[in-house]
Amino acid sequence: KSLVIATRNAHKTEEIREMLGDRYEVKDVSSFPDLPEVEETGTTFLENATLKALAISREVGGLVLSDDSGLEVDALDGRPGVWSSSFGGEEGNHAKNNERIMREMSGQEVRTARFRCVMVLAEAGELLAHFDGSVEGRILDQASGAGGFGYDPLFAPEGYDESFAELGAEVKNGMSHRGRALANVVAWLEG
Ligand code: ITT
C-alpha cells in the first residue's frame, strides 16, 4: 500500500516512514514537483490538517495523509498551538521558536505542556476520516539532545526527565502525539 504525506516537513515524513515500516510505501510532496503551497488559514489543527489533505489529494492519486501538529504550553494559555512553526517569528526556524519558549517560560513554575497531532486522510479530493493523538509532558529549563526536531529538545514526556531529543526516535515514536495519531490511522485503514 502507498501513502502520500501532505507535508513539506521532512522530519514528519521520516517519523511516519519509520513507524509504518515495510507496511506502506511512504512519499511526501517533495516527490511531486509542481504541487501548490497550501496556505494554513485555519485556527485549529483539524482545519489546517483538512486544508492540507484536501489540497494535495486533488493533485495526486491514492491515499493522502496530512499532519497538523504543535505544542500547547499551559502557562502560555495554550500557545504556540497552531502557530507552533512560526512562534519565534520566522516560519520553520526551530532555533528561534525554542528561544522564544525559553524566554517566555523563564522563571515560570507551571511547566506542563502537551504535543498534539491531528491527521486527516483523503482521497481524490474527498475527506475519509480524521484522527488525533497527544502526549503530556513538561517544558525543560534548558534545551538538550540532538534527536528529533522542533521543540523536542525542550519537551520531556510524562514519566521522563530527558527531552524527546535525548530519548531518541524509538522512545519518542512509541509515545508521541504523532505515533498515537498514526496508530489510529492504521487501525482505521486495516480495521
Ligand atoms: P507542514 O505544514 O508542511 O506539514 P510544518 O512543520 O509547517 O509542516 P505544522 O504547520 O503542523 O507543520 O507545524 C508543526 C510545528 O509544530 C513544527 O514545525 C514544530 O515546530 C512543532 N512540532 C510538531 N510536531 C513536533 C514534534 O514531534 N516534535 C517537535 N516539534 C513538533
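In order along region 108-117, the Karplus-derived 3J(HN,Hα) couplings, from 6.51 cos²θ - 1.76 cosθ + 1.60 at θ = phi - 60°, round to 7, 8, 7, 10, 5, 7, 8, 8, 10, 9 Hz, and Gly and Pro are given as x.
Residue by residue, region 89-100 carries 3J(HN,Hα) couplings of x, 9, 3, x, 8, 5, 5, 5, 4, 5, 4, 5 Hz when phi is fed to the Karplus relation 6.51 cos²θ - 1.76 cosθ + 1.60 (θ = phi - 60°); x denotes Gly or Pro. In plain terms, the chain from LYS1 to GLU158 could stretch by 53.1 nm, reckoned as 0.36 nm per residue minus the Cα-Cα distance. With the gyration tensor restricted to C-alpha atoms of region 79-171, the semi-axes of the equivalent ellipsoid amount to 26, 16, 13 Å, longest first. Look at where the Cα atoms of region 166-191 and of region 1-60 average out, and the two centres are 16 Å apart. Once C-alpha pairs closer than 8 Å and six or more residues apart are averaged by separation and normalised to the residue number of region 2-190, the relative contact order reads 18 percent. In a reduced charge model with +1 at each Lys and Arg Cβ and -1 at each Asp and Glu Cβ, the chain shows a dipole moment near 100 debye about its Cα centre. Rounded to the nearest 500, the helix-only mean residue ellipticity at 222 nm of the chain stands at -9500 deg cm²/dmol, with each DSSP H run of n ≥ 4 adding -39,500 (n - 2.57). Among LEU76, ASN48, SER66, whose Cα sits farthest toward the positive end of the charge dipole of region 30-126 (+1 at Cβ of Lys/Arg, -1 at Cβ of Asp/Glu, about the Cα centre)? Of the listed residues, the answer is LEU76. For a test of the definition: using alpha carbon positions, the gyration tensor, and the 1.5 limit on a/c, classify region 76-131 as rounded, prolate or oblate. Oblate, because a/c is 1.5 or more while a/b does not exceed b/c.
Computed across region 56-102, the Kirkwood hydrodynamic radius from all distinct Cα-Cα pairs reaches 12.2 Å.
Ranked by the mean number of other Cβ atoms within 10 Å of their residues, highest first, the peptides 150-157, 122-129 come out as 150-157, 122-129. Taking the simple approach of a point 7 Å from Cα along Cα-to-Cβ for both LYS27 and SER144, what is their distance in nm? That separation, rounded to one decimal, is 4.3 nm. Annotation: amide H-H contacts under 5 Å for ALA6 (H modelled 1.01 Å from N, sequence separation of 5 or more, or interchain): LEU65, SER66, ASP67. By the equivalent-ellipsoid construction on the alpha carbon gyration tensor, region 2-190 comes out with semi-axes of 28, 18, 14 Å, ordered largest to smallest.
No value in this document is a laboratory result; all are computed from the given coordinates. Please read all numbers here as calculations on a predicted model, not as lab measurements. A quick note on method: Cβ atoms are made from the backbone with ideal geometry, for glycine too, and the neighbour counts reach across all protein chains shown.
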